[in-house]
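Down below is the structure, laid out as structure tokens.
The values are calculated or read from the model by the stated rules, or taken from the named source; none is laboratory data. What you are looking at is a predicted structure, and each value in this text was computed from that prediction instead of being measured. As a convention, Cβ positions derive from the backbone with ideal geometry for all residues, glycine included, and neighbour counts pool all protein chains shown.
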Amino acid sequence: MSEIPASAQGGKSFSEWQPIYAERGITLIPCSPNKAPLVKNPQKFGRKASREIADEFSNASAFGYYCGKRNGITVLDVDTTDERVLSDAMYRHGQTPIVVRTGSGKFHALYRHNNERRSIRAWDGHPIDLLGAGLAIAPPSLVASKHSQTKGQYQIIQGHLDDLDRLPIMRELEDRLYVGRANGPRPQRQGEGRNNHLWRRAMREAHHVDDYEQLLDRVETLNQEFVEPMQQAEVTKIAKSAWGITERGDNRFGRHGGYAPLELAQSLAPVNPDALALYITLRAHNGPDSVFPIANAMADSTIGLGWRRFAVARKAIIEQGLVIQVTPQTRHKPAFYRWPLPWEKEGIR
């Protein structure tokens, strides 16, 4: 692969970055400082066409790629500078090795495309767009700033372009956010699971409304998706049940948590409670197929151990085979890990 320039965040031109992205499977498109494509029908370009225009647009300091099947990328576009919103979104939809800060200080989290659609403000009340199609500006583009004469730069703040081939798919997406997928089963008769399906949907929706009336309104709307909607009394009963469970704090739908087998808890807790705490925290944040860092930056922000205790705890879970190293640490990125496969767990003590 082409060597990435030492000035990787230096705002080099389209002609320099086009082959770097192409070798990683991404078709790059030249853009204006206002983030508009500079070619006609850019969504139809392939890597060959992109290469042929590289010299013509050698001065373009902004460039992007089209999300979706062509480049295999879906972007979680966090339209705020609040890192807590980014953290919460990645907690729900899965960690990813590549996070980009946009020219205005907001965030793009990159995932492997899994037939997601393009949805602006995909979740009511949250400043987050789902980009399963359409243009996304690529780092290290320089773009015009809306509020000053200076230009803003897109920068990779977590990961590296070489991580593009191991992006995870997003988890916990509703059916409505996929192309060609129905919003849910459309059973014809009462006995085909309408009640259970609507209750499960209500439990997920309850996390995103302010009160019972909003939830009832949402459940009534979902009920109309059935070929044969249920009676209002049954819909009301489902909404009341879901809201009551949510108010008690017992609604676990759409939420993640950590689990440690009893034997592991009994063996680790007496001798290294920090290692047990770290293991459970990692379990809570990373699904079974995740590839994730265990970086020193997590010591205070994620688990509150301090870096010395954190380092000892990390060493312990690695030595016990509770995580498997996938890539080594380098100057540009931390080491990444995965959960052991079933046949690898025999060595866990």
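General remarks:
- Cross-chain or 6+ apart pairs with Cβ under 8 Å, region 320-336 first and in contact (Cβ under 8 Å) with a residue 40 or more places away in the chain, then acidic (Asp, Glu): 333/163
- Residue satisfying condition, being within 26 Å of residue 177 (Cα to Cα) and surrounded by fewer than 19 Cβ atoms within 10 Å (Cβ to Cβ), within set 64, 68, 25, 94: 25
- Unmet requirement for residue 91, which otherwise passes all of (1) part of a loop (DSSP other than H, G, I, E, B); (2) in contact with a helix residue (DSSP H, G or I) (Cβ under 7 Å, 6 or more places away or on another chain): (1)
- Flag if residue 83 is under 14 Å from residue 170 (Cβ atoms) and of a type in the set (Asp, Glu): no
- Under the condition of being assigned to a loop (DSSP other than H, G, I, E, B) and basic (Lys, Arg), the residues counted in region 94-116 number 1.
- Single residue of region 240-253 satisfying the filter (part of a helix (DSSP H, G or I) and surrounded by 15 or more Cβ atoms within 10 Å (Cβ to Cβ)) that is modelled with the lowest pLDDT: 246
- Test for residue 206: is it at pLDDT 80 or above, of a type in the set (A, V, I, L, M) and out of contact with any Pro (no Cβ under 7 Å at 6 or more places or on another chain): yes
- Test: residue in region 173-182 that is part of a helix (DSSP H, G or I) and modelled with pLDDT of 90 or more: yes
- Restricting region 297-317 to residues that are modelled with pLDDT of 80 or more and outside any helix (DSSP H, G or I), the residue that is surrounded by the most Cβ atoms within 10 Å (Cβ to Cβ): 305
- Scope region 193-230; condition in contact (Cβ under 8 Å) with a residue 40 or more places away in the chain and not in a helix (DSSP H, G or I); matching residues: 225, 226, 227, 228, 230
- Some residue of region 231-239 being at pLDDT below 85, among the acidic types (Asp, Glu) and not in a loop (DSSP other than H, G, I, E, B): no
- Exactly one residue among 311, 284, 269 is over 25 Å from the mean Cα position of the chain (by Cα), aliphatic (A, V, I, L, M) and within 24 Å of residue 97 (Cβ to Cβ), and that residue is 311.
- Enumeration of residues in region 266-296 that are of a type outside the set (S, T, N, Q), in a helix (DSSP H, G or I) and either touching a strand residue (DSSP E or B) at 6+ places or on another chain (Cβ under 9 Å) or surrounded by 15 or more Cβ atoms within 10 Å (Cβ to Cβ) (or both): 268, 274, 275, 276, 277, 278, 279, 280, 282, 283, 285
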